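K.L.:
There's a structure below that I have some questions on.
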Amino acid sequence: MEDSNRHSMNERDFEELFHQNFDNLMGFACSYVRDEEVARDIVHDAFTTLWSHRAHLDASRPLVSYLYTLARNYSLDWIRHRRVEMAHEESVARFWEENAREEAEDEGEKIVRLREKMKELPEKQREVLTLCFMQGKSYQEVADGLGVSVNTVKTHIKRGLKFLRDELQDDALLLLLAFPRRRVMP
């Protein structure tokens, strides 16, 4: 293409083109994307592209037409991108929802098994484990409340945890240890 068929645009011409067409281009882009901030970004991108390619534009084609084409294409690109994002967000949400449901069911089963095994413990071991791990009391608080020594509390905990570990043999025991303030027994 010959240089005579190219647009020659200086900054003043560009600013004038910008001020004359910005609002109409905003409305045009907004009719596609339905979001003023996104439309504003699209129009700014269209003008930026026009400015950066000004030396290569065909003078037989009006600059305003070029801007509208850019705004339309950028709007459609944004819509396509947004659809992909939404599909991905929905997919992730479904995954987490299903995963959370399965985890809740698993946790519920573990709590039931833990409760059953806790009932098999001798009364003092069950009481000490409940006070320490489910009610979050310190060894000293439990010892004072039961009128026993801290070492006795530690012995009850050691024996009770060994029994539960041997009986449960999976991560149901972790519920007891990981959630010291959580009540898993009535």
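K.L.:
Does segment 53-61 contain at least one residue that is in contact (Cβ under 8 Å) with a residue 40 or more places away in the chain, in a helix (DSSP H, G or I), touching an Asp or Glu at 6+ places or on another chain (Cβ under 6 Å) and not assigned by TED's automatic domain parsing to the domain that holds Glu167?
P.N.:
Taking every residue of segment 53-61 in turn, none turns out to be in contact (Cβ under 8 Å) with a residue 40 or more places away in the chain, in a helix (DSSP H, G or I), touching an Asp or Glu at 6+ places or on another chain (Cβ under 6 Å) and not assigned by TED's automatic domain parsing to the domain that holds Glu167.
K.L.:
Right, something else. Quick check on segment 110-121. Is at least one of its residues of a type outside the set (Phe, Trp, Tyr), in a loop (DSSP other than H, G, I, E, B) and touching a Leu at 6+ places or on another chain (Cβ under 6 Å)?
P.N.:
Taking every residue of segment 110-121 in turn, none turns out to be of a type outside the set (Phe, Trp, Tyr), in a loop (DSSP other than H, G, I, E, B) and touching a Leu at 6+ places or on another chain (Cβ under 6 Å).
K.L.:
Select, from Glu85, Glu107, the only residue that is touching a residue at least 60 places away in the same chain (Cβ under 8 Å) and either part of a helix (DSSP H, G or I) or among the β-branched types (Val, Ile, Thr) (or both). Walk me through how you get there before you give the answer.
P.N.:
On the way: Glu85 fails: touching a residue at least 60 places away in the same chain (Cβ under 8 Å).
None of the other options fit; the residue is Glu107.
K.L.:
From the list Arg54, Arg61, which one is of a type in the set (Lys, Arg), farther than 30 Å from Thr130 by Cβ and touching a Phe, Trp or Tyr at 6+ places or on another chain (Cβ under 9 Å)?
P.N.:
Arg54
K.L.:
What are the residue pairs meeting all of these: first residue in segment 1-22, first residue within 17 Å of Ala55 (Cβ to Cβ), second residue basic (Lys, Arg) and modelled with pLDDT under 90, Cβ atoms under 7 Å, and 6 or more apart or on different chains?
P.N.:
Listed by first residue and then by second, the contacts come to His7/Arg54; Met9/Arg54.
K.L.:
Would you mind finding the one in Glu109, Glu105, Glu98 that is outside the structural domain of Arg34 (by TED's automatic domain parsing) and either within 23 Å of Asp166 (Cβ to Cβ) or surrounded by fewer than 10 Cβ atoms within 10 Å (Cβ to Cβ) (or both)?
P.N.:
Details: Glu105 fails: either within 23 Å of Asp166 (Cβ to Cβ) or surrounded by fewer than 10 Cβ atoms within 10 Å (Cβ to Cβ) (or both); Glu98 fails: either within 23 Å of Asp166 (Cβ to Cβ) or surrounded by fewer than 10 Cβ atoms within 10 Å (Cβ to Cβ) (or both).
Going through Glu109, Glu105, Glu98 in turn, the sole match is Glu109.
K.L.:
Test Ala71 against the stated conditions and say whether it is part of a helix (DSSP H, G or I), touching a residue at least 40 places away in the same chain (Cβ under 8 Å), over 30 Å from Phe133 (Cα atoms) and within 37 Å of the chain's Cα centre (by Cα).
P.N.:
Yes; evaluated as a whole, the condition is true for this residue.
K.L.:
Something else about it: Step by step: first the residues of segment 122-148, then only those that are among the aliphatic types (A, V, I, L, M) and part of a helix (DSSP H, G or I), then the one that is nearest to Phe163 (Cα to Cα). Which residue is that?
P.N.:
Within segment 122-148, the first condition is being among the aliphatic types (A, V, I, L, M), and the residues that meet it are 128-129, 131, 134, 142-143, 146, 148.
Add one more test, that the residue is part of a helix (DSSP H, G or I), and what stays is 128-129, 131, 134, 142-143, 146.
Values: Val128: 14, Leu129: 12, Leu131: 17, Met134: 17, Val142: 20, Ala143: 21, Leu146: 22 Å.
Checking each candidate, the answer is Leu129.
The values are calculated or read from the model by the stated rules, or taken from the named source; none is laboratory data. Small disclaimer: the values here were computed from a predicted structure and weren't measured. Backbone-built Cβ (ideal geometry, glycine too); neighbour counts: all protein chains shown.
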